[in-house]
Amino acid sequence: MSQDSALPPISVVVPTLNEAAYIGECLDSVLASLAPVGGEVLVVDGGSTDGTRDLVARHAAGHPEVRLVENPARVTPQAFNLGIRAARHPLVAIISAHSRVAPDFFTAARRRIAAGEADIVGGPVVTEPGAPGLTAWLLAQVVSHPFGVGNSRFRVSTEAAYVDAVPFALFRREVFDRVGLFDTGLVRNQDTEFFGRVGRAGLRVFLDPAVRSVYRARGTLPGLLQQGFRNAYWNVRVWRQNPAAFRWRHAIPGLFTLSLLAGAALAPWVPLIRWLLALEVGAYALAAVAAGTHIALRTRRAAALLLPPVFFLYHFCYGAGSLAGARWLAGRGGETAEPEEG
């Protein structure tokens, strides 16, 4: 018996809600990667009506290890928790329906955990356009470049390292016993709050370049801007609940947007503010052009030179979401009209 065959199998949790465009290739990649290690796939569905459930049923017909779990609450953290509770194995992975994992994703992650090197293992995420065409390609560049998303290691680094968080990860089940499950009161960014608890508990999160995956970005500009706004809004709610989850990279766009709005309001009456605002806008423009040029050279696509205004819109909307979250916080946590998500 090989060393790998003696290691425990894996339960893979895949939350879904109307993911017909992505779930087929996601499950194909998960099943191929899971085959060498053994385990099960739990698709936790929030009542999809677009054919997602039919696609899952087709996979289950040929793969008895695929099971459908109902998620009546239709929110992501509840899907995570239902999958974790239903999991039969001591190692649990959480994978996005928008992703594809590499053939050795689970093998490499399990080896790290078995060697005692980490409690949670994930890896670099390659971001692909969510739709055909130039616009979708530009949006994928925004969320995969350091200028767009800061020092989020899983998006911009391929070096092995201990990090504060990873997506699409493999967990020792004891992690959930120690820090608890995902907070069902957080419609978004529940993973940010969860990894804040993980860090506070002293658990080790490892980024392994062999644990590779691909993620489909939003395919339209309104979709990306809405995602950024909502993520930033919920970040503020997460920080109020768990200050250990705070990261400066999430707060900087809010400070940027606030400075622009305040500067524009004060500039007509305060000459110094006019100069400072011009300096800020000029410095941002230079940095955005440099980032676009870097991407153009790296990808050999001159179209990347169109990125500066896209960067600005994304950062401004993300910052506006932070300010909306701060307004909620100042209002002592009143309810929000944020829609449910699966």
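Taken together, the values in this text are just the output of simple stated rules run on the coordinates, not laboratory data. In this text the structure is predicted, and so the values were computed from the model without any measurement. When we count neighbours, we look across all protein chains shown, and the Cβ atoms used for this are built from the backbone with ideal geometry, even at glycine.
Worth pointing out:
- The chain, dipole about Cα centre (Lys/Arg Cβ +1, Asp/Glu Cβ -1), debye to the nearest 20: 720
- Helix axis angle, 307-330 relative to the chain longest principal axis, alpha carbon, degrees: 80
- Antiparallel DSSP beta bridges within the chain, percent to nearest 5: 30
- The helix-only estimate of mean residue ellipticity at 222 nm for the chain, built from DSSP H runs of length n ≥ 4 each weighted as -39500 (n - 2.57), is -16000 deg cm²/dmol after division by the residue total.
- Computed over the stretch 24-79: relative contact order in percent, which uses C-alpha pairs under 8 Å that are six or more apart: 41
- A simple packing score, the average count of other Cβ atoms within 10 Å per residue, orders the peptides 14-26, 220-232, 57-69 as 14-26, 220-232, 57-69, with the highest score first.
- Each other residue within a Cβ distance under 15 Å of residue 245 adds +1 if Lys or Arg and -1 if Asp or Glu, for a net charge of +3.
- Sequence-distant contacts, meaning Cα pairs under 8 Å at least 6 residues apart, place the relative contact order of the stretch 241-330 at 39 percent.
- Each of the peptides 300-309, 80-89 was scored by the mean count of other Cβ atoms within 10 Å over its residues; in descending order, highest first, they stand as 80-89, 300-309.
- Note on the chain: Cα-only Rg and Dmax are 21.0, 78 Å.
- Using alpha-carbon coordinates, inclination of helix 248-266 to the longest axis of the chain, degrees: 20
- Of the chymotrypsin sites (Phe, Trp or Tyr not before Pro) in the stretch 239-278, the ones in a loop by DSSP (not H, G, I, E or B) with at most 11 other beta carbons within 10 Å are 269.
- For the chain, the relative contact order comes to 19 percent (Cα pairs under 8 Å, sequence separation of at least 6).
- The calculated P(r) of the stretch 241-330, using every Cα pair and 5 Å bins from 0, goes 3, 13, 16, 20, 17, 14, 10, 6, 2, 0 in percent.
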